[in-house]
Amino acid sequence: EDSSDDSEDIASSATKSWSLENIAYAEPAPAGNATRIATEFVDVTLRTWNGVDASGSTFSWKALLDRTRVVILGGPGSGKTTLLRNITLHEANRYSDRLHKRLPIYISLRHIGACTDLLALARATFVDQAGGVAEHAFDRAFSSGSLLVVLDGLDEMSDSVRHVWQNTIIEASEKHPALGIYVGTRYWGYKSHL
């Protein structure tokens, strides 16, 4: 048990470090610099989308943290990527502090083609980010229902690749009900399949 705690500590530290090095800044605006998410993130409010438009009362982004499955919809430049990065950073900090054990894995879909095995991709991404010791932490997080896969940019894929991804996400969701999956996409790239 001590060795598993050590591997989780190492993986947790590596996850936090990777997040701080790779996603701690928002994407730069066309006429400006990237902003540091931890200090400049604007506490956004969200609305539930009913398939046609946003309806219902507003709620804080922190209310999303209690949900297993989330799709973040918005127009270009509305802050989807920044929100998903903020959630990943927030969860990485909570995971490393042992306040709430949910291991986040951030994946930018912009650079990935079709995928038919979400868990294999998440595992490979996490091992790449956190090193070989991460496999034990990944398995533990998955088996305990505390794994969160954050998929950013579903709309940035071609129609055929997006269709494969939607099927992959649906299949993983049905097969693993405790697996946390957050997806970010523009309205036009989303057809209510998830």
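Among the residues of the stretch 109-160, the one identified as open to solvent by less than 10 Å² (accessible area, probe 1.4 Å) and part of a loop (DSSP other than H, G, I, E, B) is Gly153. Sub-7 Å Cβ pairs linking a first residue in the stretch 161-185 that is polar (S, T, N, Q) to a second residue that is exposed (fewer than 15 other Cβ atoms within 10 Å of the Cβ), at least 6 apart or interchain, are Gln166/His193; Thr168/Thr116; Ser173/Arg69, ordered by first then second residue. Would you please name the residue that is most open to solvent (accessible area, probe 1.4 Å), looking only at residues in the stretch 80-108 that are in a strand (DSSP E or B) and of a type outside the set (A, V, I, L, M)? Here the answer is Ser108. Of all residues in the stretch 106-118, those satisfying the criterion of being without any contact (Cβ under 8 Å) to a residue 60 or more places away in the chain and aliphatic (A, V, I, L, M) are Ile107, Leu109, Ile112, Ala114. Considering the conditions (1) open to solvent by 10 Å² or more (accessible area, probe 1.4 Å); (2) out of contact with any strand residue (DSSP E or B) (no Cβ under 6 Å at 6 or more places or on another chain); (3) in contact (Cβ under 8 Å) with a residue 60 or more places away in the chain; (4) closer than 24 Å to Ala26 by Cβ, Gly77 is excluded by exactly one of them, (3). Within the stretch 161-171, the residues that satisfy the criterion of being open to solvent by 30 Å² or more (accessible area, probe 1.4 Å) and either under 17 Å from the mean Cα position of the chain (by Cα) or within 16 Å of Tyr182 (Cα to Cα) (or both) are Asn167, Ile170, Glu171.
The values are calculated or read from the model by the stated rules, or taken from the named source; none is laboratory data. Since we're looking at a predicted model, the values are computed, not measured. Neighbour counts are summed over all protein chains in view; Cβ atoms, including those assigned to glycine, are modelled from backbone coordinates with ideal geometry. To get the accessible areas, we keep the full protein, side chains included, count just its heavy atoms, and leave off ligands, DNA and RNA. Shrake-Rupley method; radii C 1.70, N 1.55, O 1.52, S 1.80 Å.
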